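What follows is a single structure, written as structure tokens, with notes after it.
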Amino acid sequence: MNPFTYSRAADADQAVTAVSGKPESKFLGGGTNLIDLMKMGVERPNELIDINRLPLGQIEELPDKGVRIGALARNSDLAEHELIKTRYPVLSQALLSGASPQLRNMATVGGNLMQRTRCYYFYDPGFPACNKRKPGSGCGALDGYNRIHAVLGQSEQCIATNPSDMCVALAALDAVVRVRGPDGERQIAFVDFHRLPGDTPERDTNLRPDELITAVDLPAMPFAARSHYLKLRDRASYAFALVSVAAALDLGSNHKINAARVALGGIAHKPWRANAAEKELVGQEANENTFRAAAEAELAPAKGYKYNSFKIELAKRAIVHALSNVAAMG
Amino acid sequence: MATESEEPVGFDASESNELEIVGHLETRRKFIKQVAGTSAALAIGPRLVGSASPDQVTPMTTPAGPRDSVKVNLRVNGKSHALDVDPRMTLLDALRERLQLTGSKKGCDHGQCGACTVLVNGRRINSCLTLAVMHEGDEITTIEGLARGDELHPLQTAFIEHDGFQCGYCTPGQICSAVALLQEGHANSDDEIREWMSGNICRCGAYPNILAAIKEAKTKGRA
């Protein structure tokens, strides 16, 4: 690990000031991804600003019945919070399907948003080619072992996937990310927070280097009480998703779908909001044919590689399965 | 180097709006001045002010290269330890290499195996993925802190009775994790225990016996 300066910030403004104009400095939250990447030599900050003592750990109801989640709320606390378990069960399920109890006790919500890909070619500097780690060096995964890689939204520069479960649920729930920078606060719609790789895969998010995530807001969404997170992986537990689905349905009389929220994990560079699937679902009767049509529409543009083409059919079936589970809820 | 620990700790309120810098790349002498100058008016972290007081300063060992060490007060198994650590030192390495508490094990060193599991303020974490300097004032419990004198923790007894190990390398992490599991209330079925113990890998495959040990400890509790 490279040497670095360590300091603690007492408030958000102090933290923002500390990183302003210093691209080699980073905020330190739970550390579960950053410290690991520093051990690997992938991240080499020369300054760490420990933000763990900032008062940003609250989870509270908003006047409009939404919920504000402080950026330093631990993944375990968020998953177990009564407001989340009752109003947004998909988020609680997504959190509990990720990592281990130990890591969830450490990991923060803001840090979860900033997780970097688990692409082997990115994570190990022993591989020379990775456009995300070293722009212009190529993509080792494109013709390499690409079993865990993207089938939607990727570019020739990068076929990495976002590893987060929590973020898939947040994408489905229309969350809003609140950030603070030198010029004050701004809000970023969750679906605009993470980026597709395009020609700049080194940039995972649209967060500016001198901005600090302070909170994530969940809008009121009564029908999200009927929601579900389905995660498919190589092990029964404690593994990243090959494919995951966050789904919520607003069902009217005769099982007609008034509104739908669907997002996919494990298949793209960002948490993938399934707009095409949602469009197919609205106005239709909730049944397997409808769900299959929605899945087909969403995966129509998918492109597989040597080792990950199985994800396309897996994602379709996962969508049908998740939506069927939601529709069957009382 | 011991003389540097006698650096006067004078507070300068004029610097109180600056970040509290507790470790950086420059000299130790300047480091102490900056800590002293910035910690007086801290709204948070009063324990840090305590750790910077002269009577707690531990003589410094040879610094690693051009880097400075950082002062941190670790409370482990009920005892306080004032340490100077490299900011890069993980909590696991501080426990093992500085405090000689070698019960916590380094398995993967990447948060994947759980052998390094300890309790921080009652919650289980991977001590390999957190820096020692982040734990100023936290209450840390390791496997060495579970027994009461000669009386083993019920989970320790249960692991012995049920042969919850073969080589034993993962066992301290398994037991610390299981202590937290019982407190969290997620040991209500075999499947639930398996899921909530999934962050602790046992390469000997002693899982059935670990499960049996946890179930028994749950029933018996602590006298």
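Quick note: the coordinates plus some simple rules give every number you see, no bench work behind them. The shown structure was predicted, so the numbers you read here are calculated from the model rather than taken from an experiment. Note that each Cβ is placed from the backbone with ideal geometry, even for glycine, and that neighbours are counted across all protein chains shown.
Before moving on, here are some points about what is shown:
- Looking only at region B:143-159, and only at residues there that are in contact with a Leu (Cβ under 8 Å, 6 or more places away or on another chain) and assigned to a loop (DSSP other than H, G, I, E, B), the one that is farthest from the other protein chains (Cβ to nearest Cβ): B:Leu152
- For region A:166-189, the count of residues that are in a loop (DSSP other than H, G, I, E, B), surrounded by fewer than 21 Cβ atoms within 10 Å (Cβ to Cβ), touching a residue at least 60 places away in the same chain (Cβ under 8 Å) and not acidic (Asp, Glu) is nonzero.
- Selection status of A:Leu72, closer than 21 Å to A:Ile213 by Cα, among the aliphatic types (A, V, I, L, M) and either facing another protein chain (nearest Cβ under 10 Å) or in a strand (DSSP E or B) (or both): no
- Output for region A:131-157, where each listed residue is crowded, with 19+ Cβ neighbours inside 10 Å and closer than 30 Å to A:Ile51 by Cα: A:Asn131, A:Lys132, A:Arg133
- Qualifying positions in region A:15-34 - outside any strand (DSSP E or B) and either among the small types (Gly, Ala, Ser) or crowded, with 19+ Cβ neighbours inside 10 Å (or both): A:Ala15, A:Val16, A:Ala18, A:Val19, A:Ser20, A:Gly21, A:Gly29, A:Gly30, A:Gly31, A:Thr32, A:Asn33, A:Leu34
- Positions within region A:94-138 being part of a loop (DSSP other than H, G, I, E, B) and either free of Cβ contacts under 8 Å to residues at least 12 places away in the same chain or of a type in the set (D, E, K, R) (or both), in sequence order: A:Arg116, A:Arg118, A:Asp124, A:Gly126, A:Ala129, A:Lys132, A:Arg133, A:Lys134, A:Gly136, A:Ser137, A:Gly138
- Verdict on B:Val179 being in a strand (DSSP E or B) and buried (at least 16 other Cβ atoms within 10 Å of the Cβ): no
- Residue count for region B:84-98 satisfying the condition of being buried (at least 19 other Cβ atoms within 10 Å of the Cβ) and either touching a Leu at 6+ places or on another chain (Cβ under 9 Å) or away from every other protein chain (no Cβ under 14 Å) (or both): 10.
- If you go through region A:67-93 and keep only what is free of Cβ contacts under 8 Å to residues at least 24 places away in the same chain and farther than 24 Å from B:Thr130 by Cα, you end up with A:His81, A:Glu82, A:Lys85, A:Ser92.
- Qualifying residue in region A:153-165 (condition: free of Cβ contacts under 8 Å to residues at least 24 places away in the same chain and of a type in the set (A, V, I, L, M)): no
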